[in-house]
Amino acid sequence: MARPTKDATDRRTERFNLRLTIDELAHVQVQAGHAGIGAHEYARRRVLGHRVSPARSQIDSSILTELNRIGVNLNQLARSHHSGDAVQDEAAVLLARVQGLIEQIGGALGP
């Protein structure tokens, strides 16, 4: 299936030349790399005043998923504790998982 045609107002047909020093271009390329986009797209977004967020790495996604699961478990433990149930064994398991994640994050960040 072919891509739909764009309206004339949505087409990028106009050019704008921008001269940069070697250091400025290197900075733009590094920032674009952090954002996970090309240097031209990065510059276009910044010129138009858009905020460019850094790309999330794969480890960030897996850590966020695991932290979400731990948060759900912690919420269940808090409810159980407030209702008077004994939850020490579950809390110890959860604490061990949190400590493992902290070590994993520390290893991912490097020395």
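Out of everything in segment 17-39 that is in contact with a helix residue (DSSP H, G or I) (Cβ under 8 Å, 6 or more places away or on another chain) and over 30 Å from Q104 (Cα atoms), what residue ends up being surrounded by the fewest Cβ atoms within 10 Å (Cβ to Cβ)?
Across segment 17-39, the extreme among qualifying residues is L18.
Can you pull out every residue in segment 12-56 that is part of a loop (DSSP other than H, G, I, E, B) and within 22 Å of the chain's Cα centre (by Cα)?
G36, I37, G38, G49, H50, R51, V52, S53, P54, A55, R56 - these are the residues of segment 12-56 that are part of a loop (DSSP other than H, G, I, E, B) and within 22 Å of the chain's Cα centre (by Cα).
Kindly provide the set of residues from segment 40-63 that are hydrophobic (A, V, I, L, M, F, W, C) and loosely packed, with under 11 Cβ neighbours inside 10 Å, ordered by number.
V47, L48
Taking the condition of being touching a Leu at 6+ places or on another chain (Cβ under 9 Å) and either of a type in the set (V, I, T) or in contact (Cβ under 8 Å) with a residue 24 or more places away in the chain (or both), how many residues in segment 31-72 meet it?
Count: 6.
Within segment 77-106, restricting attention to residues that are under 12 Å from E66 (Cα atoms) and either β-branched (V, I, T) or surrounded by fewer than 10 Cβ atoms within 10 Å (Cβ to Cβ) (or both), which residue is modelled with the lowest pLDDT?
I105
The values are calculated or read from the model by the stated rules, or taken from the named source; none is laboratory data. Small disclaimer: the values here were computed from a predicted structure and weren't measured. Counting neighbours? That spans all protein chains shown, and the Cβs are built from the backbone with ideal geometry, glycine included.
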